[in-house]
Structures are given as structure tokens and as C-alpha cells.
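I have placed the structure first, in the form of C-alpha cells, so that the comments after it can refer back to it.
Nothing in this text is a laboratory measurement; each read-out follows from the coordinates by a stated rule. In this text, all values refer to a predicted model and were calculated from it rather than measured experimentally. Cβ sites come from the backbone with ideal geometry, for glycine too, and all protein chains shown count toward neighbours.
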Amino acid sequence: MIELNDDKCMHCGACVGACPANAIYLNEVILDFNDDCTDCGLCVKACPVGALTLIRTRGLKVPAATA
Amino acid sequence: MFPKDSYDVVVVGGGPSGSTSARYAARNGADVLLVEKRQEIGSPVRCGEGVSMEIFKHVDIKPDSSWFVNQVTGARIFGPSGKFILIDAKKAGDEVGAVIERDNFDKYLAAEAARDGAEIATKTSVVSLLRDGGEVCGVRIRRMGEERDIAAKLVIGADGFESQVARWAGFNTNLKTRDTTSNLQYRMTNLDLDPRFTDFYIGSVAPGGYVWIFPKSRDVANVGIGLLLSKIKGPSEAKDYLDGFIASDPRLKNASIMETVSGGVSVSAPLDKVTADRIMLVGDAARMIDPLTGGGISNGVIAGKVCGEVAVEAVRAKDFSVEFLQRYEKGWRELLEEKLYRDYMAKEKLVSLDDEALDKLIEVMSAVPLENLSTKEILGAIRKKYPELVKEFEDLI
Ligand SMILES: Cc1cc2nc3c(=O)[nH]c(=O)nc-3n(C[C@H](O)[C@H](O)[C@H](O)COP(=O)(O)OP(=O)(O)OC[C@H]3O[C@@H](n4cnc5c(N)ncnc54)[C@H](O)[C@@H]3O)c2cc1C
């Protein structure tokens, strides 16, 4: 999962162009990720100001029974 | 003021490439809509604002005081040791010849398009391509909460680095990390610069890219950095490297930041194919940025003119097939392709060099007389002194 820090985001689209899955949508100050995101993390590298963080969720999900 | 239901040509993106395409299509008789998702053309700026004087040769634009603010006489390229070479703006067919105000420049180009008959819709996003039996036949737009379908005989994708239109249409615009850069820039004031020069700093100050100082005056300049994604290790490196550079440069230490600008820039070879039935791509969307400098304004404008002209020819001939649109492929490639590939190879080489090798390069280049600063002459001179540096480039010499 990609986490966006709105405070840092410049809404510049560097992540949009770098995304190989076309999973990011930008309009003025709105930045949205859709389900096509593969967690590849390229957008994290592309972001000049560090507004994006890759949160690794796979394998960490707690099974419902034990939650 | 609301767009009509149907146009000959819909251009997506009101940057320099889109406005120029729209302008040349409209002035030659096509019915054109230019769609821009931002509420203000040209703003916010995402650019270092350096342009070569080349564009004035190819396209009918005259320097206007609203955006043409500082014509420089040369570019200085500093190696890691601080030695530099000076490239004369007139002699080198260079990327930087003047520093402009991009927001006003983009508005100027859009206004030219409007004067030549194009309709412009701002705060209007293209959200998808319309298709008729697989073929593109228009765009869906969203504007003030309302969606509408607009028919078009031809769609021009000029939507920049983000290039959604290209991807919707099935072009492969995916970039490798070695062909993509992350960029950050401050517009700074309270400086003491020599406004006659644009400065570039290469080496480990900016892995895989460079730091630039593009002055608007003695007091104001764009100070920015581009880093190659393949060299970036963690988040926010562009900012960290740029802040580090500024802290170390006495001309910049006491400056204030008036504006922060960021963005992605491709430094790839151009796409193999920028046309398909009923669609053409232009500018950043077609990866026409110069891979060595990261400059894309001139190329987008130069290709935009060809794109607009071919659009009208297609409208007249009522032929929007990919075969007909080869006129555009051929036209823009004749003007730009050779340099794009040459600069791509030069970039590939440069990013592989360490500080020591870059210093050698600067040292050799500073000894080449200015008149001869062509890629060929430079490579020849390097071969004489450091043959190992140019081994892979023998065929270029
Ligand atoms: C930090 C930075 C510094 C740079 N410095 C320089 C420089 O000094 N010199 C230089 O020559 N180049 C520079 N560049 C590159 C330059 O900015 C681009 O090459 C140039 O803007 C390309 O013009 P364009 O018209 O192709 O695309 P853009 O200028 O990106 O225009 C595309 C337009 O399309 C709009 N759009 C996108 N999607 C949609 C949609 N779905 N619907 C409607 N509208 C849409 C966007 O809002 C945008 O206005 C720099 C880039 C960056 C990021």
C-alpha cells in the first residue's frame, strides 16, 4: 500500500508518470491511487519530496480469528 | 462557452506542445478544441524555464516581454572539482539560450492558438477516450462536476509526462528507472549571480543528473536538481541533495525561496511510434524531452507545429489512418530524432562516469576551442587523451 502525506505532496505528477500500472490519478491538488497499484514502489523513488511511503502489508495481515 | 459536441481535432493538454499543435491546426482551417485540466493555463509552473533560441527559428513566435526575461550568453558546466567549460549560446545549438516565465509563456502560446481559431476549455479534464469499434472517436470530459462526450475525428495527446491519453490508447510509454528523473527546484531571491550564464553542476552532487542555476536577473534564479531514479536509494533524495548543494554554495546561502517546483522528467529515447489510427502524441507525452538536458519545451513546440499541420492535412483529406499520419512521424523525426538518439547515448555514457572521469572530461573539453564544441569534436578530443573514456562511442566520432 502506498501512503500519501498530503502535507508534503506538491501535486506535481512525478509519481503519475513513473507509475508502470497507471494507478495514480492527479487533478490539481487531488492525488488518488486505484486498485491497479502493485506496490512496486517506483512512485516513492520518483517523488522529489518524500510524500509517498510504501507500507508493506503483504504477509502481515492478522487472520480474522485471532484478531 | 461550453464546448460543442463535435470537433475535427481535440487536443488534450494546454502546455506548449498542445497549444502549438492546436494553433497550427486551427490557423490552417481545422475546428479545434484544446482541453486543459488545470484551472489556469501555465500554472503552477513545473519547469526550470530555460529554452534554446532554436524554437524561434522553427515556429512563428516572437520573444515577448511578458515571458522573455533573460537572454543568456552562455552555459557553464562545472565538474566535481570546480573546473568548468563555457558553452557559447550562439555556437552550440544549445538547450539554454534564455530564461523565461513559463506561466506567461504557456498563456501566450494558448492565446496564439485562440487567436488562430482554437477553442480552449480550462478546468476540464479528459477522463477517457471514446471508441467506436476499437477506433478512437473522441474524448469524455469532466468539467464542473459534469461529464460529457465530445466527438473528434482526431485526438492529439499532449498531456505531458503523466501521459494518460497515450496509455489509454495503448502506447507503451512505461519508463525504465534509468530513463526517469525526479526533480525539485526553488525559485530563489536575494542572490548575487552573474545573470549572463546558466550554470550546470554534474557529478556526485546530483547522481545521474545535475544541479542547475538559471538566473532571471542578478537577484532571482531557478535553482534545481534532477536525479536519475535508478540512482535514488530512498525517499526525498531530490530535496536532500538540493538542500545540501544550496547550503554549500556561498552565492545561495542567504537566499530565500519564493516558490517550490517539482516534477518528473523522462530522459529516454523517444517512443518508436507516436501515431495510431485517429491519434497522435506530442511533447512529453511522446517522450520527446532531450535526454541529456531534460529540456522539453523546444522539442514539444517544434513537433507541435508539425503535428498541427498534419492534423489539418488529415482533416482535408478525410483520412485519419495511421498510414496518413506517418507524415507527422516523418516530419518530427526529421527535425528531432537524430539529436534525441545522440543525446540519449551521451546521457547513458555520462551517468556511468564517476567524479574522477567527469573531471577528466571537463578538463579535455575546456581545451577544445569553442567553435568546435560539437559532440563529434568533443569525443575526438577525449579520445586523444583518455581513449578508455570513449571506447563505446567510436562509431559516433
Ligand atoms: C522541475 C522541472 C524543470 C524543467 N526544466 C525545464 C527547462 O528548463 N527547460 C525545458 O525546456 N524543459 C524543462 N522541463 C521539462 C518541461 O517542463 C516539459 O518538457 C514541457 O512542459 C513539455 O510540454 P508539454 O506541452 O509536452 O507538456 P506539459 O507542459 O506537461 O503540458 C501538459 C498539460 O496537459 C494537462 N493535462 C494532463 N492530463 C490531462 C487530462 N487528462 N485532461 C486535460 N488536461 C490534461 C496538464 O495539466 C498540463 O497542463 C522541466 C520539467 C520539470 C519537472
Here FRET efficiency (C-beta to C-beta, A:Asn27 to B:Asp355, R₀ 41 Å, nearest 0.05) is 0.50
The ³J(HN,Hα) series, computed from each phi in the stretch B:277-282 with the Karplus coefficients 6.51, -1.76 and 1.60 at θ = phi - 60°, rounded to the nearest Hz and given as x for glycine or proline, is 3, 6, 8, 10, 10, 8
Expressed in nanometres to one decimal, the distance between label points 7 Å along Cα→Cβ at B:Arg131 and B:Arg148 is 2.5 nm
Note: B:Glu40 to B:Arg115 extended length (0.36 nm per residue) minus current alpha-carbon separation gives 25.2 nm
Scoring only Lys, Arg, Asp and Glu (+1, +1, -1, -1) among other residues with Cβ under 12 Å from the Cβ of A:Ala23 yields -3
Total charge of the residues flanking B:Leu130 in space, meaning their Cβ is under 13 Å from its Cβ, with Lys and Arg +1 and Asp and Glu -1, is 0
Percent relative contact order for chain B, counting Cα pairs under 8 Å at least six residues apart, stands at 20 percent
Simple SL model, points at 7 angstrom along Cα→Cβ for B:Arg218 and B:Asp194; separation in nm is 1.4 nm
Between B:Lys83 and B:Ser230, the FRET efficiency computed from the C-beta separation at R0 = 25 Å comes out, to the nearest 0.05, as 0.40
Output field shielding_mean for B:169-175 (other chain Cβ, 10 Å radius) holds 2
Stretched fully, the stretch from B:Arg342 through B:Lys176 gains (0.36 nm per residue minus C-alpha distance, one decimal, in nm) 57.9 nm
To the nearest 20 debye, the stretch A:2-54 has a Cα-centred charge dipole, built from +1 on Lys and Arg Cβ and -1 on Asp and Glu Cβ, of 260 debye
Plugging the Cβ-Cβ distance of B:Phe324 and A:Asp36 into 1/(1 + (r/R0)^6) at R0 = 35 Å yields, to the nearest 0.05, a FRET efficiency of 0.55
Measuring from its Cα centre, chain B shows a charge dipole (+1 at each Lys and Arg Cβ, -1 at each Asp and Glu Cβ) which, in debye to the nearest 20, is 140 debye
With the 8 Å Cα cutoff and a minimum separation of six or more residues, the stretch A:2-54 has a relative contact order in percent of 45 percent
Taking the dipole of the stretch B:78-188 about the Cα centre (Lys, Arg +1; Asp, Glu -1; charges at Cβ), the one of B:Phe84, B:Gly157, B:Trp168 that reaches farthest to the positive side is B:Phe84
CD proxy, 222 nm, chain B: helix-only mean residue ellipticity via -39,500 (n - 2.57) per DSSP H run with n ≥ 4, per residue, nearest 500, stands at -9500 deg cm²/dmol
Once the in-chain neighbours fewer than 8 apart are removed, the aspartates and glutamates whose Cα is under 19 Å from B:Lys384 read B:Glu356, B:Asp359, B:Glu363, B:Glu371, B:Glu392, B:Glu394, B:Asp395
For peptide A:38-45, the mean count of other chain Cβ atoms within 10 Å per residue Cβ is 3
Magnitude of the Cβ-charge dipole (Lys and Arg +1, Asp and Glu -1) of the protein assembly as shown about the Cα centre, nearest 20 debye, reported as 200 debye
Taking a straight Cα-to-Cα line shorter than 27 Å from B:Lys385, and setting aside same-chain lysines fewer than 8 residues away, one finds B:Lys83, B:Lys91, B:Lys339, B:Lys347, B:Lys349, B:Lys360, B:Lys376
Output ordering of B:254-261, B:16-23, B:33-40, B:78-85 (per-residue mean of other Cβ within 10 Å, highest first) is B:16-23, B:33-40, B:78-85, B:254-261
